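Chemist: Here you go, one structure.
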Amino acid sequence: MKQHIVRIALGLLILLVFLGHAARFYQIGFITQLDNIIYDARLRLTMPGGVDDRVVILDIDEKSLAVPQLGRWPWGRDKISALIEKLFDKYGVLIIGFDVVWAEPDESSGLKVLDGLAKKELRDVPQFQSALKELRPQLDRDALFARTIRGRPIVLGFYLNSDEDARESGALPEPVLPAGTFAGRPIGFTTWRGYGGNLPELQSSAVAGGHFNPLIDFDGVARRVPMLAEYKGKYYEPLSLAMVRLLLGLDEAARSKSQSVVLPKVVPGYPQDGATAKGYGGLEWLEIGPLKIPVDEMVSALIPFRGKRNSFNYISLADVYFDKAPVEKLKGRIALIGTSAPGLFDLRTTPVGSVYPGVEIHANLIAGMLDRNIKQKPPFMVGAEVLLLVVGGIALSILVPFLSPLRATLACLIGLLLFTGLNLFMWTGAGSVLPLASALLMITALFALNMSYGYFIESRSKRQFTELFGQYVPPELVDKMAENPEQYSMEGKSEELTVLFSDIRGFTTISESLNPKELSQFINEYLTSMSMVIRNNRGTLDKYIGDAIMAFWGAPVADREHARQGVLSAMLMQGELKNVREQFAARGWPDIRIGVGVNTGIMSVGDMGSKLRKAYTVMGDAVNLGSRLEGITKQYGVGIICGQVTREKVTDVVWRELDRVRVKGKDEPIAIYEPLGFEGQVDKKTLDELKLWHQALKAYRAQDWDQSELALYNLQRMDPEHHLYAVYAERVAHYRKEPPGADWDGVWKFETK
């Protein structure tokens with residue numbers, strides 16, 4: 001296990017990458033694209049093929065557009081009305097759905113011009129007014145169209161728009177479900193910003209209306225259609241679903257011999273009664289009468305393509321208009337009026353063709369709903385994919401490193417076959433869509449990792465000296481050590497060293513304000529900036545503990561100025577933090593403050609840890625004290641606190657004595673200091689303030705509360721924002737009320753770390 005622990009860890013890391021994608025924490029584009037390719041391949045391989053003659057497409061084709069008698073598109077409503085009457089009265093179609101929007105009024109009859117004359121030039125001519133009144137029913141073609149569709153089983157179409165500048169035009173049909181239907185349930189509906197509907201008098205005359213918007217995946221392919229599209233909190237059905245509801249309503253009316261047709265309601269289907277957002281509340285299907293339509297996490301249905309283009313009978317509308325269409329192909333059929341003409345821009349890219357008429361998408365959905373042949377991809381499939389990846393990924397990550405190359409290859413091939421076989425069974429046997437790309441790529445990556453690791457790493461008999469220390473020590477020191485490697489060792493020894501700890505203040509609050517990707521960038525850039533300061537000052541990076549940094553000086557390369565290097569690094573880190581804060585602020589990230597503790601003393605240094613994992617690190621009381629000093633920086637409102645030994649060894653720095661304290665776990669008091677800058681670089685104002693501070697501190701320890709309070713008052717006037725002065729002012733106020741005993745030594749005791 002020890003020999004293979006690195007490979008197992010890397011394998012589990014690969015597993016985590018694919019788990020994050022499968023669980024939707026983030027999306028990896030090429031995995032999603034591969035899943036789409038696999039889905040399309042499965043679909044094409046298992047399509048039933050043939051022509052479904054239950055649905056006929058009345059095509060506004062190039063032939064129809066070229067007929068002079070019909071005129072330019074859009075045709076006059078009188079001609080559309082005549083077509084509808086022929087379709088029902090002569091050809092006997094069952095229902096009609098329009099994959100067309102009648103958004104603009106028909107002014108081709110000249111009625112608008114005649115109305116203008118009646119109001120102006122000919123307003124006083126009774127014969128003209130009388131004639132216009134008699135002709136109006138024939139000339140008002142929108143009213144004629146509305147009268148034609150009223151009472152007939154006709155569904156009008158409309159489109160939804162998600163653009164930023166989307167507008168509302170025309171009228172929408174009544175929503176199939178009202179606002180608030182799904183309150184409290186975490187359901188990911190498609191939402192829209194605008195719509196293009198039919199003229200109000202037309203929509204109000206139709207039995208129903210449905211949108212004709214497929215969902216376009218990021219690769220530009222239409223694979224799904226929203227069964228419920230949300231607009232301003234209300235829910236609208238697609239054209240195909242509205243037509244199926246109308247069919248069911250006609251069937252029920254025929255059985256009950258009713259004169260009126262009532263469309264069955266859309267009933268949301270959940271896996272268990274009473275499921276809410278507190279548990280699993282996913283919407284898995286829609287019930288319409290006897291039909292159950294499966295939906296995915298976006299409440300959309302996968303388009304059940306029957307085959308390639310022309311899987312349904314196409315009849316030119318020109319042939320219907322001129323009575324040339326075969327009656328037997330239309331009688332009792334479901335009719336969809338749409339277009340295959342390129343000039344009318346209703347061609348889509350689909351898994352079965354890159355130039356595919358949008359109207360045939362509705363036909364496939366209608367047939368699929370009637371046949372109960374729509375593949376299901378319910379929201380819980382995300383959990384199923386994650387579970388399979390966990391089981392397969394852990395098994396292969398642990399097993400493969402222990403196998404020979406041949407057996408490892410066989411194990412991975414078996415894994416690929418098992419995942420693929422299960423996926424095909426779910427598709428053909430259970431009618432469910434289970435993503436496959438993550439599993440295939442994960443197994444391939446695990447195989448490649450183990451083969452590469454064995455070739456490039458395990459074939460080496462030992463690591464080079466620079467690889468041993470390079471992760472801790474700056475490159476220039478590694479080069480120096482490599483000149484005489486026999487002088488250096490990772491074995492434990494006792495040395496006087498200087499240790500540094502730094503930590504971000506309030507990091508929990510910061511992390512909660514960022515999403516995972518931003519948090520990763522935030523911490524990576526911060527740690528990189530601080531680590532470069534340490535390395536540039538000959539420091540040895542020990543470890544990162546979350547957002548905390550631990551480093552030390554004086555090992556493995558001896559450095560007489562280890563204390564000075566530690567203090568200098570602490571001050572430069574605070575300086576570099578100003579640049580980091582400016583960069584983070586420009587991105588809108590939270591402000592950041594850090595505390596740094598530096599201490600010098602005798603420490604044990606070497607390669608320490610367990611049989612499973614070791615690290616080149618330092619241990620001892622002096623190390624623990626350095627950590628405590630970092631922890632109390634926020635108590636005094638300062639960025640850096642150094643121990644007494646560090647202060648004694650660094651003589652060219654201007655120091656501010658902060659206090660004498662007993663930290664948690666230590667009985668002996670120590671003096672703690674804040675470095676203000678190197679001598680000759682500190683301004684006069686700071687030096688004057690420091691002088692007054694030392695007077696205040698001296699009076700405080702002498703229990704001269706009046707003198708101390710006066711000095712603190714003046715200090716607070718000089719620097720109102722400095723928390724240190726407020727801390728001591730609060731202590732003085734406390735000791736005035738409860739004076740310390742005669743044996744008080746001025747030491748402050750910390751009970752927490």
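Values in this text are rule-based calculations from the coordinates and carry no lab data. Since this is a predicted model, take the numbers as computed values, not measurements. FYI the Cβ positions are ideal-geometry reconstructions off the backbone, even for glycines, and counts take in every protein chain you see.
Chemist: Go through ASN536, ALA586, LEU697 and say which Cα lies farthest out towards the positive end of the charge dipole of the chain; charges sit on Cβ, +1 for Lys and Arg, -1 for Asp and Glu.
Modeler: In the chain, that residue is ALA586.
Chemist: Sort out for me the Cα centre separation of region 301-378 from region 136-206, rounded to whole Å.
Modeler: Their Cα centres are 21 Å away from one another.
Chemist: I would also like to ask the following. Find the centroid of the Cα atoms in region 597-659 and in region 10-75, then give the distance between the two in whole Å.
Modeler: Using only Cα atoms to place each centre, the spacing works out to 62 Å.
Chemist: Only Lys, Arg, Asp and Glu count, each charged at its Cβ (+1, +1, -1, -1), so figure out the dipole size of region 465-679 about its Cα centre, rounded to 20 debye.
Modeler: Around 540 debye, computed over region 465-679.
Chemist: Tell me the angle of helix 723-737 to the major Cα principal axis of the chain, expressed in degrees between 0 and 90 and rounded to the nearest ten.
Modeler: The answer is roughly 60 degrees.
Chemist: Which entries of LYS543/LYS614; LYS63/LYS324; LYS634/LYS664; LYS691/LYS737 have Cα-Cα distances beyond 19 Å here?
Modeler: LYS691/LYS737
Chemist: Another question, then. 222 nm [θ] for the chain, helices only, -39500 (n - 2.57) per DSSP H run of 4+, per residue, to 500?
Modeler: Calculated at 222 nm, the ellipticity per residue is -13500 deg cm²/dmol.
Chemist: Please order PHE158, PHE88 by the number of other Cβ within 10 Å, starting at the fewest.
Modeler: PHE88, PHE158
Chemist: Just from the alpha-carbon atoms, what are the Rg and Dmax of region 327-412 in angstroms?
Modeler: 23.7, 72
Chemist: In whole Hz and in residue order, list the ³J(HN,Hα) couplings for region 702-713 that follow from phi through the Karplus curve 6.51 cos²θ - 1.76 cosθ + 1.60, θ = phi - 60°; x for Gly and Pro.
Modeler: So the Karplus estimates, Gly and Pro as x, are 7, 6, 8, 5, 5, 5, 5, 5, 5, 4, 5, 4 Hz.
Chemist: Looking at region 307-393, which GluC sites (Glu not before Pro) are in a loop (DSSP not H, G, I, E or B) and have at most 12 other Cβ atoms within 10 Å?
Modeler: none
Chemist: Using only Cα atoms, find the angle between the long axis of helix 516-536 and the longest principal axis of the chain, and express it within 0 to 90 degrees, rounded to the nearest 10.
Modeler: The angle comes out near 30 degrees.
Chemist: Same structure, new question: With charges set only on the Cβ (+1 for Lys and Arg, -1 for Asp and Glu), what does the dipole of the chain come to about its Cα centre, in debye to the nearest 20?
Modeler: Computed charge dipole of the chain: roughly 1780 debye.
Chemist: Report the trypsin sites (Lys or Arg not before Pro) located in region 191-236 that are in a DSSP loop and have at most 14 other Cβ atoms inside 10 Å of their Cβ, or state none.
Modeler: Counting only loop positions with at most 14 other Cβ atoms within 10 Å, the trypsin sites (Lys or Arg not before Pro) in region 191-236 are LYS232.
Chemist: Follow-up question, since we're still on this one. Neighbour counts of other C-beta atoms within 10 Å: give me GLU730, GLU561, GLU237, GLU230 arranged from fewest to most.
Modeler: Sorted ascending by nearby Cβ count, the order is GLU730, GLU561, GLU230, GLU237.
Chemist: A follow-up question, please. Tell me the net charge near GLU674. Cut-off is 9 Å between Cβ atoms, GLU674 excluded, with +1 for each Lys or Arg and -1 for each Asp or Glu.
Modeler: Result for the local shell: 0.
Chemist: To the nearest 20 Debye, how big is the dipole of region 47-371 about its Cα centre, given +1 on the beta carbon of each Lys and Arg and -1 on that of each Asp and Glu?
Modeler: Rounded to the nearest 20 debye, it is 580 debye.
Chemist: How would you classify region 465-679 from its alpha-carbon gyration tensor, with a ≥ b ≥ c the square roots of the eigenvalues: rounded for a/c under 1.5, else prolate if a/b is greater than b/c, otherwise oblate?
Modeler: Since a/c reaches 1.5 but b/c is at least a/b, the shape of region 465-679 is classed as oblate.
Chemist: Jot down the radius of gyration and Dmax of the chain, Cα atoms only, both in angstrom.
Modeler: 39.3, 122
Chemist: Using Cβ counts within 10 Å as a stand-in for footprinting exposure, how do SER610, SER397, SER513 rank, fewest first?
Modeler: So the residues, fewest neighbours to most, are SER610, SER513, SER397.
Chemist: What does the net charge come to around LEU724 if you take all other residues with beta carbon closer than 13 Å to its beta carbon, with K and R at +1 and D and E at -1?
Modeler: In short, -4.
Chemist: What angle, in degrees between 0 and 90 and rounded to the nearest 10, separates the Cα long axis of helix 239-256 from the longest principal axis of the Cα atoms of the chain?
Modeler: Once rounded, the angle reads 50 degrees.
Chemist: Stokes-Einstein diffusion coefficient for region 168-219 at 25 °C in a medium of 0.890 mPa s, Rh from the Kirkwood formula over Cα pairs: what value in µm²/s?
Modeler: 183
Chemist: Rg and Dmax of region 683-740, Cα atoms, in Å?
Modeler: Spelled out, the Cα radius of gyration and Dmax of region 683-740 are 11.1, 38 Å.
Chemist: Let me ask something else. Which of the pairs LYS292/LYS375; LYS232/LYS517; LYS90/LYS308; LYS90/LYS331 have their Cα atoms more than 20 Å apart in this structure?
Modeler: Check vs 20 Å cut-off fails for LYS232/LYS517; LYS90/LYS308.
Chemist: Just to check I understand the Karplus step: with θ = phi - 60° and J = 6.51 cos²θ - 1.76 cosθ + 1.60, what whole-Hz values come out for region 559-568, glycine and proline as x?
Modeler: Ordered by residue, 3J(HN,Hα) equals 8, 5, 9, 4, 5, 5, 5, x, 5, 4 Hz.
Chemist: May I pose another question? Putting +1 on Lys and Arg Cβ atoms and -1 on Asp and Glu Cβ atoms, find which of PHE678, VAL261, PHE158 reaches farthest to the positive end of the dipole of the chain.
Modeler: With unit charges placed on the Cβ atoms, the residue in question is VAL261.
Chemist: From the P(r) of region 156-263, could you give the percentage of C-alpha pairs in the tail past 19 Å?
Modeler: Tail of the P(r) past 19 Å holds 51 percent of the pairs.
Chemist: Can you work out the Karplus-derived ³J(HN,Hα) for every residue in region 173-181? Use 6.51 cos²θ - 1.76 cosθ + 1.60 with θ = phi - 60°, whole Hz, and x for glycine or proline.
Modeler: Values, residue by residue: x, 5, x, 6, 9, x, 4, x, 4 Hz.
Chemist: Could you give log10 I(q)/I(0) at q = 0.07, 0.11 Å⁻¹ for region 47-371, computed by the Debye formula over C-alpha point scatterers of equal weight, without solvent?
Modeler: Cα-only, vacuum Debye calculation for region 47-371: -0.31, -0.74.
Chemist: If Lys and Arg each add +1 and Asp and Glu each add -1, what is the summed charge of the other residues whose beta carbon sits under 11 Å from the beta carbon of ARG147?
Modeler: 0
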